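Asker: A single structure is presented below for examination.
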Amino acid sequence: MGLPLFSASDDPGPSFVRYAELSGLVDEPSMTDADARHATTVIAVRYNGGVVMVGDRQATSSYIASRDVRKIEAADRFTALAISGSAARGLEFIRMAQLSFEHYEKMTDTSLSLEGKANYLSPIIQRNNLSTPLMVIPLLAGWDPSRQDGRIFEYDGAGGCYERRDFATIGSGTPFADSALRLGFRADLDREAALELGALAIYEAGDNDPSTGGPDFVRNLYPMIVTLDENGFTELPADEVAQRFIAINQRRTESQGVAGGSLR
Amino acid sequence: MSNYFYVSPEQLIKDRAEFAQKGIARGRSIVAAIYDVGVLMVAENPSASLNKISEIYDRIAFAGVGKYNEFDRLREAGIRWADGTGFTYSREDVDARALANYYAQHIGDMFTEGQKPLEVEVLVAQLGTAIRPTKLFRIAYEGTISDEPRFAVLGGDAEAIKSRFGAAESDLEPLDVTLRNAVAALANADRTIEVPDLEVCVLEDTGGRRTFARLTDERVAALLGT
């Protein structure tokens, strides 16, 4: 690859995707092997002062392909990106988004706004999902420094971008995680309550959806939990995450597997 | 058919060199120096937004003097090259030497074949790792690439600044000492450069993947002790 110089009229500007297409670094997406791995449930919950995201760790093809996939990644310091759908496409999607945000920042010496990042992903999703049967649906959450607020953006398969003021879920465990969130969400959640509710939602999804991995006490593998607040992206330490899921499991054991009554 | 007058290659190169030198001499200079734990780049630049120093990649920085539009295009091409290479292979495969060579080839081609030579000098700095050394590559207007061992000066007044800075520093010093020496070398004894007119950037390990930092005026003032 030589020095990528462009004349002013066909310069791709600060968009890495435009540059990658112009220079042939990426091909148009094409049909993929049907045995590809799928990745599943991730949720995001807003609270006073930020957003909590929780994601399971399992990749499923016709069997469990992996138990420790990371489906939530920091897209940059204040933004997290999670994926559901095809694992191969999704991980590529995260890589492309991370690189794009950084590329923009270096080219222009300013960061993209959170809304700018959310909108930037729409055409990538659209292009990817129209040309392949393996859909990737991302979930974007971040701390918006200009509004001093946590924000969540969800997408549909056609690339439509919708801001959510409460919570959002993606993946096959959505019905179960969403139900738990609908019952437990309040507008004035604090960080601790949001962490508890998010962990419970993923626990429910893992309990009911075969493609979502719940806490794995045998291998000591737990869903990953991150927070986005004024300090940026923070992943909770493994033992704190373990304690939360052990506590939920303990309560569920005491109630003999019954989730109802007071929400737990 | 039009008539061409014969111009000897020597004369042609001399004219082109003079043209480029004149363009470069119009702007202010840049000092880049390796300090004990990083790389420092200091430019005299009254503009707070039209930068001369920029981040290229995790451990690579760019600095340019001369015509802004010309070196800014090279800067953008460098970022694209680095991000594209890291995307295709791996982040650790992005090497400053390869980028410096591409710059040298392009600037050299423009010098001999372009409508006019580029009126720029650029620097590619790399902060070392376990497998790569810390490096300063200076590329002159005619495409000459030089691997500067400890510090590099770009711009019209380079020789004088070089001897001033070289006399002040003999060994790798901490950041504040290196910055003071660099600013003194840029300014000479008969004038001072105000902090807002300095653009100061460093490559230094702070625990993260990206090592480039643009120092604020407050930080620069604190380091200079003014």
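The values are calculated or read from the model by the stated rules, or taken from the named source; none is laboratory data. As the structure is a prediction and not an experimental result, all values here were calculated from the model. Positions of Cβ are backbone-derived with ideal geometry, glycine not excepted, and every protein chain shown enters the neighbour counts.
Asker: Quick check on segment A:68-76. Is at least one of its residues assigned to a helix (DSSP H, G or I), of a type in the set (D, E, K, R) and in contact (Cβ under 8 Å) with a residue 40 or more places away in the chain?
Answerer: For segment A:68-76, residues assigned to a helix (DSSP H, G or I), of a type in the set (D, E, K, R) and in contact (Cβ under 8 Å) with a residue 40 or more places away in the chain: absent.
Asker: Determine if segment B:163-175 includes at least one residue that is in contact with a helix residue (DSSP H, G or I) (Cβ under 6 Å, 6 or more places away or on another chain), surrounded by fewer than 17 Cβ atoms within 10 Å (Cβ to Cβ) and free of Cβ contacts under 8 Å to residues at least 40 places away in the same chain.
Answerer: Scanning segment B:163-175 turns up at least one residue that is in contact with a helix residue (DSSP H, G or I) (Cβ under 6 Å, 6 or more places away or on another chain), surrounded by fewer than 17 Cβ atoms within 10 Å (Cβ to Cβ) and free of Cβ contacts under 8 Å to residues at least 40 places away in the same chain.
Asker: Related question: Kindly establish whether A:G157 is more than 15 Å from A:M53 (Cα to Cα), within 16 Å of the chain's Cα centre (by Cα), without any contact (Cβ under 8 Å) to a residue 40 or more places away in the chain and not in a helix (DSSP H, G or I).
Answerer: Taking the combined requirement at face value, the residue satisfies it.
Asker: May I pose another question? Return yes or no: is B:E44 surrounded by fewer than 24 Cβ atoms within 10 Å (Cβ to Cβ), among the acidic types (D, E), over 22 Å from A:L99 (Cβ atoms) and touching a helix residue (DSSP H, G or I) at 6+ places or on another chain (Cβ under 8 Å)? Reasoning before the result, please.
Answerer: Values: surrounded by fewer than 24 Cβ atoms within 10 Å (Cβ to Cβ): yes; among the acidic types (D, E): yes; over 22 Å from A:L99 (Cβ atoms): yes; touching a helix residue (DSSP H, G or I) at 6+ places or on another chain (Cβ under 8 Å): yes.
Yes: the conditions hold for B:E44.
Asker: Could you figure out which of (1) within 27 Å of B:R164 (Cβ to Cβ); (2) free of Cβ contacts under 8 Å to residues at least 24 places away in the same chain; (3) under 16 Å from the mean Cα position of the chain (by Cα) isn't true of B:I30?
Answerer: (2)
Asker: Among the residues of segment A:23-51 satisfying the criterion of being at pLDDT 85 or above and of a type in the set (A, V, I, L, M), which is farthest from A:S62 (Cα to Cα)?
Answerer: Restricting to residues being at pLDDT 85 or above and of a type in the set (A, V, I, L, M), the top hit is A:V51.
Asker: Does segment A:118-129 include one or more residues that are within 20 Å of A:T227 (Cα to Cα), modelled with pLDDT of 95 or more, touching a strand residue (DSSP E or B) at 6+ places or on another chain (Cβ under 6 Å) and buried (at least 17 other Cβ atoms within 10 Å of the Cβ)?
Answerer: Within segment A:118-129, one or more residues are within 20 Å of A:T227 (Cα to Cα), modelled with pLDDT of 95 or more, touching a strand residue (DSSP E or B) at 6+ places or on another chain (Cβ under 6 Å) and buried (at least 17 other Cβ atoms within 10 Å of the Cβ).
Asker: Tell me, please, whether a residue that is of a type in the set (A, V, I, L, M, F, W, C), closer than 30 Å to A:S9 by Cβ and either within 14 Å of chain A (Cβ to nearest Cβ) or in contact with a strand residue (DSSP E or B) (Cβ under 6 Å, 6 or more places away or on another chain) (or both) can be found in segment B:22-40.
Answerer: Yes; the residues of segment B:22-40 include at least one that is of a type in the set (A, V, I, L, M, F, W, C), closer than 30 Å to A:S9 by Cβ and either within 14 Å of chain A (Cβ to nearest Cβ) or in contact with a strand residue (DSSP E or B) (Cβ under 6 Å, 6 or more places away or on another chain) (or both).
Asker: If you don't mind, there's one more thing I want to ask. Of the residues A:R186, A:R182, A:R151, which single one is surrounded by 14 or more Cβ atoms within 10 Å (Cβ to Cβ) and either over 18 Å from the mean Cα position of the chain (by Cα) or part of a strand (DSSP E or B) (or both)? Before the answer, list the steps.
Answerer: On the way: A:R186 fails: surrounded by 14 or more Cβ atoms within 10 Å (Cβ to Cβ); A:R182 fails: surrounded by 14 or more Cβ atoms within 10 Å (Cβ to Cβ).
Just a single option satisfies the conditions, and that option is A:R151.
Asker: Then there's this: Give me the residue from segment B:114-139 that is surrounded by fewer than 20 Cβ atoms within 10 Å (Cβ to Cβ) and either more than 14 Å from chain A (Cβ to nearest Cβ) or touching a Leu at 6+ places or on another chain (Cβ under 7 Å) (or both) and, out of that set, nearest to B:K67 (Cα to Cα).
Answerer: Step one: list which residues in segment B:114-139 are surrounded by fewer than 20 Cβ atoms within 10 Å (Cβ to Cβ), which gives B:114-116, B:128-134.
Now restrict to residues that are either more than 14 Å from chain A (Cβ to nearest Cβ) or touching a Leu at 6+ places or on another chain (Cβ under 7 Å) (or both): B:116, B:128-134.
On the way: B:K116: 13, B:G128: 29, B:T129: 33, B:A130: 36, B:I131: 35, B:R132: 31, B:P133: 30, B:T134: 27 Å.
Across segment B:114-139, the extreme among qualifying residues is B:K116.
Residues are listed down the side, and each one gets a yes or a no for (1) at pLDDT 95 or above; (2) on the phi > 0 side of the Ramachandran plot:
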{"site": "A:F153", "(1), (2)": "yes, no"}
{"site": "A:A177", "(1), (2)": "yes, no"}
{"site": "A:L181", "(1), (2)": "yes, no"}
{"site": "A:A193", "(1), (2)": "yes, no"}
{"site": "A:G198", "(1), (2)": "yes, no"}
{"site": "A:N208", "(1), (2)": "no, no"}
{"site": "A:M224", "(1), (2)": "yes, no"}
{"site": "A:G232", "(1), (2)": "yes, yes"}
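Asker: Just name the residue that is farthest from B:V42 (Cα to Cα) out of those in segment B:207-223 that are in contact with an Asp or Glu (Cβ under 7 Å, 6 or more places away or on another chain) and in a loop (DSSP other than H, G, I, E, B).
Answerer: B:R209
Asker: I would also like to ask the following. Among the numbered conditions (1) away from chain B (no Cβ under 13 Å); (2) outside any strand (DSSP E or B); (3) over 29 Å from B:L215 (Cβ atoms); (4) not small (G, A, S), tell me where A:M96 comes up short.
Answerer: The failed condition is (1).
Asker: Restricting segment A:62-93 to residues that are within 14 Å of chain B (Cβ to nearest Cβ) and of a type in the set (D, E), which is surrounded by the fewest Cβ atoms within 10 Å (Cβ to Cβ)?
Answerer: Ranking the qualifying residues of segment A:62-93, first place goes to A:E92.
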